[in-house]
Amino acid sequence: MGTLEISHDILVAGSGFEACQQQVKRFFARTMLIRYDRVLISEHESLSGTEKNFRARMEAGLRANQKVLGEFLANLKDEGFVALEDLQCLEKGYLSKILHTIAHLQDGFIGIDSRFYNLVEDSHGVSRDLQQKIAATPESYWILRIKGRIASGSEDPFDALRTFEGRGKSHD
């Protein structure tokens, strides 16, 4: 039996690691957008806003999201979808799922392709206002490194993704 492990950095506000960890656990337990068999939160890989690498980690996560988005857009372009009007011909299947994922990355819904997620604002970005709040009270913000695990019924861990939509509650 294989296991697929997906990492996310989650920006959260709270009085300390424990409080932030509880928020993240609650979020993953309640969200209908992503389901993991197990969510592991690594304290030694998590950062307080007071740590010097905090901003660099946040910026790296934002860049990683942009890279994923760019790869999806390039995939659509490679398939001949260059202008908005081209999307009228988009058939259901792999390419429509890519478009759906692009929309989720743009509108702030977390998914397995999210590298960085801002739980404070339910977003894949960080607003200027929140950046100012983090600068003013860095002790109130954390980036938690989480690993979501999905068990596969076969030796190939990617089989877990092939049945991902059928797991747990409905997903959109």
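No lab work stands behind these numbers, since they all come straight from the coordinates. Owing to the predicted nature of the structure, the values given are computational and were not obtained by experimental measurement. Reconstructed Cβ throughout: ideal geometry from the backbone, glycine too, with neighbour counts over all protein chains shown.
For segment 78-149 and segment 10-37, compute the distance between their C-alpha centroids and round to whole Å.
Answer, in whole Å: 17.
Explain nothing, just the number: dipole magnitude of segment 3-166 about its Cα centre with +1 on each Lys and Arg Cβ and -1 on each Asp and Glu Cβ, in debye rounded to the nearest 20.
The calculation lands at about 460 debye.
Could you give the semi-axes, largest first, of the ellipsoid that matches the chain, computed as the square roots of 5 times the alpha carbon gyration tensor eigenvalues and rounded to whole Å?
On the way: eigenvalues 172, 93, 34 Å².
Working from the Cα gyration tensor, I get semi-axes of 29, 22, 13 Å.
Farthest toward the dipole's positive end in the chain, which of Gln106, His124, Leu40, given Cβ charges of +1 (Lys, Arg) and -1 (Asp, Glu) about the Cα centre?
Selected residue: Leu40.
Lysine pairs, Cα distance under 17 Å, 8 or more residues apart or cross-chain: how many in the chain?
Numbers: Lys25/Lys147; Lys25/Lys169; Lys52/Lys133; Lys67/Lys77; Lys77/Lys92; Lys77/Lys97.
Taking the Cα cut-off of 17 Å, the pair count is 6.
Give me the angle, in degrees from 0 to 90, between the Cα long axis of helix 54-78 and the longest principal axis of the Cα atoms of the chain, rounded to the nearest 10.
With both axes taken from Cα atoms, the answer is about 10 degrees.
Take the Cα coordinates of segment 72-121, assign each an equal point scatterer, and use the Debye formula without solvent to give log10 I(q)/I(0) at q = 0.24 Å⁻¹.
Evaluating at q = 0.24 Å⁻¹ gives log10 I(q)/I(0) of -0.90.
Among the DSSP beta bridges whose two residues both lie in segment 3-166, what percent are antiparallel, rounded to the nearest 5?
Values: 19 of 22 bridges.
Just about 85 percent of them are antiparallel.
Among Glu91, Glu43, Glu139, which one moves the most in a GNM of the chain with springs linking Cα atoms closer than 10 Å?
Evaluated over the chain, the most mobile residue of the options is Glu91.
Using unit Cβ charges (K, R positive; D, E negative) and no other charged atoms, how large, in debye to the nearest 20, is the dipole of segment 1-93 about its Cα centre? Before the final figure, lay out each step's value.
Numbers: 12 positive and 14 negative charges, 83 e Å.
It comes to approximately 400 debye.
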